[in-house]
Amino acid sequence: MPKTNRTFAAKGESWAEVEAALDEARAGDKLWNDPRNLRAAYDAGDDVIRVATEAFNRHLGDNVIFNTSSYPSLRRYEDDVVAMVLELMNAPEGASGSITTGGTESIVVAVKAAREWAREHRPQATAPEIIVPRTGHPAFNRAADMLGLKVVRLAESPAFRADVAAMARAVTENTVMLVGSAPPYPLGVVDPLPEIAALAEAHGLWLHVDACLGGFVLPFVQDLGHAVPTFDFSLAPVTSISADLHKYGYSGRGASALLLRDRAYARYQRFEFDDWPAGLYSTMGLAGSRNGGPVASAWAVMRYLGYDGYRERVEKILAIKQRFFDGIDAIEGLCVWGAPEGGHFSFGSPEIDIFAVADVMAERGWLCARAREPKALVLILNIQHAAIVEAYLADLAEAAAAVRAGQVESRGDEPIYIG
Ligand SMILES: Cc1ncc(COP(=O)(O)O)c(C=O)c1O
């Protein structure tokens, strides 16, 4: 008996009709790689997008969970990508890694691995806690929430970085993991990882470095001769690192690398289950079925760009960032917060309401994120932004002047991220 009042139409439409409907639905969307977009979107150029898309689409129907039986190519991409990212992160002999669907999943499974590790190595931690700097990503709280751990999140970021003295004071018998970000999303200033590493070593703790944003930026910043605190496996206490392929790695959305210093720790990360009719079920991440597209596109883009392709892009981004810094410093009352080393930064004002400035910029079509400690606009840079720096700064100067003159007041929009 057919149902009436269907939202799910009984008869299908032609592709032409569906395509027209898609275009209509997207009419109000922003274009992700419009250079007036300074939010989290990672565009390395049209040629790179083409490579990522081609590779992604070739594997659209392939499921990573069957990579050992049906899709040896996916196994190979994953092994190759992990090997390349391990090299980038100065991993020692014996390190290993896996691909997840994104930064959040990498962090959740890193926390899971640390929890399992602690059961063997920190038995005194009967109510396990992780210590997260003020700026650490909410994924650490999500992980703790799911895994039954407690997060001790620091109260502030003096000097715009993790407060290592406060971290040291927070360590207890129950601490199992310390976190540092390279760099964190708010502020963008790399945490003092050598000092955090010393603390981890002194107490025998798991140290996770969240390089989701900086994994494909900071190694090249260092290579180009700029100062960046050491953040990778060259610090012996660093146990795991997350580095996102779908951010500055430029793959299609849905890929992050989670690396472990010691492949023996993979057993803490892996989930296995055998007690059901279909046999052994075993994955490294949270996902069961996982699209082959993201890892294929990561592999293709890494081969296409090579080390030098990433470095060239980072060099251009640093030049763009410097033009922004100079322009912002030249506007009365505005300043960059801290000295962000990577591809993004935040700026604000000790004198005028930067959210009012943000409102004017938004009305003029500039998209960017906001943060609130301190109040800031957060700009995430790509090579395409070379074309808009002057136009942005001209609008910014006018917006700041209008706010200073009392012509504009903030609409009071708080930063929000709701998916
Ligand atoms: C520093 C940092 N860590 C983790 C994440 C989470 O990554 P994802 O959004 O891919 O889950 C982000 C996202 O922006 C991030 O900036």
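Of all accessible surface on the chain at a 1.4 Å probe, what whole percent is carbon and sulfur? That share works out to 52 percent.
Comparing PRO350, PRO229, PRO35 in a Gaussian network model of the chain (Cα springs below 10 Å), the most mobile by mean-square fluctuation is PRO350.
Listed values for region 293-299 are Karplus-derived 3J(HN,Hα) couplings in whole Hz (6.51 cos²θ - 1.76 cosθ + 1.60, θ = phi - 60°), namely x, x, 6, 5, 5, 4, 4, and x replaces Gly and Pro.
Backbone amide hydrogens, once placed in the peptide plane, bring ARG153 within less than 5 Å of VAL132, excluding anything fewer than 5 places away on its chain.
For the residues ALA202, ALA376, ALA114, a GNM of the chain with alpha-carbon springs under 10 Å puts the largest fluctuation on ALA202.
The 1.4 Å probe gives accessible areas that order HIS137, HIS344, HIS226, largest first, as HIS226, HIS137, HIS344. When only the Cβ of Lys, Arg, Asp and Glu is charged (+1, +1, -1, -1), the dipole of the chain relative to its Cα centre reaches about 880 debye. Comparing THR101, HIS137, GLN269 along the charge dipole axis of the chain, the residue lying farthest to the positive side is GLN269, per the Cβ-charge model. Here the spin labels are modelled as points 7 Å beyond Cα on the Cα-Cβ line, and at ASP46 and ALA127 they lie 6.0 nm apart. Computed over region 184-275, relative contact order equals 27 percent, with contacts defined as Cα pairs under 8 Å that lie 6+ residues apart. Tell me, what is the percent relative contact order of the chain, built from C-alpha pairs under 8 Å that lie six or more residues apart? Relative CO of the chain lands at 21 percent. Each residue, ALA319 and ARG270, gets one label point 7 Å from its Cα in the Cβ direction; the gap between the two is 4.8 nm. In the elastic network of the chain, a GNM with C-alpha springs shorter than 10 Å, the most mobile of GLU93, GLU195, GLU156 is GLU93. Solvent-accessible surface of region 236-321, averaged per residue with a 1.4 angstrom probe and all protein chains in place: 43 square angstrom.
Using C-alpha pairs under 8 Å with a sequence gap of at least 6, the mean separation divided by the residue count of region 307-404 gives a relative contact order of 31 percent. Length gained on full extension, ASP262 to LEU147: 39.2 nm, using 0.36 nm per residue less the C-alpha separation. The overall shape of the chain, judged from the alpha-carbon gyration tensor, is oblate: a/c is not under 1.5, and a/b is no greater than b/c. Evaluating 6.51 cos²θ - 1.76 cosθ + 1.60 at θ = phi - 60° for every residue in region 229-241, the Karplus couplings come out as x, 4, 9, 9, 5, 5, 8, 4, x, 5, 9, 9, 9 Hz, glycine and proline recorded as x. Rounded, prolate or oblate: which fits region 307-404 when a ≥ b ≥ c are the square roots of the eigenvalues of the alpha-carbon gyration tensor, with rounded for a/c under 1.5 and prolate only if a/b beats b/c? Prolate. Once the chain from ASN63 to GLU173 is taken as fully extended at 0.36 nm per residue, the excess over their C-alpha distance is 35.4 nm. A simple count of charges around GLU105, restricted to other residues whose Cβ falls under 15 Å of its Cβ and scoring Lys, Arg +1 and Asp, Glu -1, yields +2. Taking chymotrypsin sites (Phe, Trp or Tyr not before Pro) that fall in a DSSP loop and have at most 15 other Cβ atoms within 10 Å as cut points, what is the longest piece of the chain between them? For chymotrypsin sites (Phe, Trp or Tyr not before Pro) (loop position, at most 15 other Cβ atoms within 10 Å), the longest site-free span of the chain is 33-416.
The values are calculated or read from the model by the stated rules, or taken from the named source; none is laboratory data. This is a predicted model, so every value here is computed, not measured. With ideal geometry, Cβ positions are generated from the backbone for all residues, glycine too; neighbour counts draw on all protein chains shown. Surface accessibility is based on the protein's heavy atoms, side chains included, excluding ligands, DNA and RNA. Shrake-Rupley method; radii C 1.70, N 1.55, O 1.52, S 1.80 Å.
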